[in-house]
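S.K.: Got a structure for you, written out below as structure tokens; questions coming shortly.
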Amino acid sequence: MQKVYPNILTIITTYHCTAACEECCFECSPKLKARLSFQQISEFLKESREALGSKVKGVVFTGGECFTLGDDLVRLSGLRITLDIMLGVCQMDRGQKHLKRPVT
Ligand code: SF4
């Protein structure tokens, strides 16, 4: 039997969101502040790379509104270059005002 490995990682970085949609499956809202730290996310990414090697092709940051991570999201963007994996983000239309510089 062929083994199947994950190749895209999705990280729910925060339950904080600038919206509070009734249909939100995580019940995210501006009132919720829970989020993963830069340290937690970066360690997970490094451990995933070590465990799965080049099978990991990309990571998607979501939430909540991942752009409310601010500079931590920019730092994570730099880390994914070091780890040579693609980056995707959700909800960039509403959250970019939280960034002092763009994610590349
Ligand atoms: S995460 Fe999405 S669905 Fe949930 S409150 Fe925010 S915008 Fe709405």
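S.K.: Got the relative contact order for segment 8-98 handy, in percent, Cα pairs under 8 Å and 6 or more residues apart?
M.R.: Relative contact order of segment 8-98: 34 percent.
S.K.: Once you order the gyration tensor axes a ≥ b ≥ c over the Cα atoms, which shape class does segment 8-98 get: rounded for a/c under 1.5, otherwise prolate or oblate by comparing a/b with b/c? Could you put the intermediate results ahead of the total?
M.R.: On the way: a/c = 2.12, a/b = 1.90, b/c = 1.12.
Judged from the Cα gyration tensor, segment 8-98 comes out prolate (a/c at least 1.5, a/b above b/c).
S.K.: Sketch the reach of a paramagnetic label on residue 19 as a point 7 Å from Cα along Cα-to-Cβ, and name the residues of segment 53-90 whose backbone nitrogen lies under 18 Å away.
M.R.: 61-69, 89-90
S.K.: I've got another one for you. Work out which trypsin sites (Lys or Arg not before Pro) in the chain are exposed loop sites (DSSP not H, G, I, E or B, at most 15 other Cβ within 10 Å) and give the longest gap free of them.
M.R.: Numbers: sites that count: 3, 31, 33, 57, 100.
Here the longest segment lacking exposed loop sites spans 58-99.
S.K.: Continuing with the same structure: How far apart, in nm, are the 7 Å Cα→Cβ label points at residue 2 and residue 29?
M.R.: Label-label distance for residue 2 and residue 29, simple model: 4.6 nm.
S.K.: Taking only pairs that are 8 or more places apart or on different chains, how many Lys pairs in segment 8-98 have Cα atoms under 26 angstrom apart? Can you show the working numbers first?
M.R.: On the way: 31/97; 33/46; 33/97; 46/55; 46/57.
Close lysine pairs found across segment 8-98: 5.
S.K.: Within segment 18-60, report the chymotrypsin sites (Phe, Trp or Tyr not before Pro) that DSSP leaves as loop and that have at most 16 other Cβ atoms within 10 Å. Display every interim value, and only then the final one.
M.R.: Numbers: sites: 26, 38, 44; in loops: 26.
Passing sites in segment 18-60 are 26.
S.K.: Another question, if that's okay. Of all GluC sites (Glu not before Pro) in segment 1-100, which ones are in loop regions per DSSP and have a Cβ with at most 15 other Cβ atoms within 10 Å? Show your work: numbers first, answer last.
M.R.: Numbers: sites: 22, 23, 27, 43, 47, 50, 65; in loops: 22, 23, 27, 65.
Here the GluC sites (Glu not before Pro) that fit, given the DSSP loop and packing criteria, are 22, 23, 27.
Every read-out reported here was derived from the displayed coordinates using simple, explicitly stated rules and does not represent laboratory data. Here the structure is a predicted model, which is why all the values come from computation and not from measurement. Note that each Cβ is placed from the backbone with ideal geometry, even for glycine, and that neighbours are counted across all protein chains shown.
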